[in-house]
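The structure appears below as structure tokens.
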Amino acid sequence: MAISNSAKRQSRILEILSIRRFDTIANLADEFGVSRYTIMRDIRILIEYSPIYTVRGPAGGVYFEKDCFHTKSEYAANKYLSDKQEKTIRDIIEGLPPNISELHSILIDFARPK
């Protein structure tokens, strides 16, 4: 069975929120090129099984739970590099010229916060 566009979009929304920690419905709709109603429908589905919540009003939007990565949730466990992966990348970087920034960006995005 093929993964639907909505399932792919919902997975990407979770990834985005896990990094940004907050976004608005309007911004997500614009980013994905879909209507606000489509994003709201996705969010209603995601709220059922993921660590996100919504807030209405001037500071409203979609938030990723603050302490999510302090739990042993399956999503959180797969979000970051393992210690071994991080060490391997750091070892590789040491032997490269300093102008190679892509590996540095991987560490910034995916190494566990210390």
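What the table below lists for this structure:
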item	result
Qualifying residue in the range 36-49 (condition: modelled with pLDDT of 85 or more, of a type in the set (D, E) and more than 12 Å from the chain's Cα centre (by Cα))	yes
Matching residues in the range 1-19 - criterion: being closer than 16 Å to G61 by Cβ and exposed (fewer than 14 other Cβ atoms within 10 Å of the Cβ)	I19
Those residues of the range 21-66 which are in contact (Cβ under 8 Å) with a residue 40 or more places away in the chain, surrounded by 13 or more Cβ atoms within 10 Å (Cβ to Cβ) and not in a strand (DSSP E or B), in sequence order	R21
All positions within the range 5-26 that are modelled with pLDDT of 90 or more and of a type outside the set (D, E, K, R)	Q10, I13, T24, I25, A26
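The values are calculated or read from the model by the stated rules, or taken from the named source; none is laboratory data. None of the values given here were measured: they were computed from a predicted structure. For neighbour counting, all protein chains shown are included, and Cβ atoms are generated from backbone atoms with ideal geometry for every residue, glycine included.
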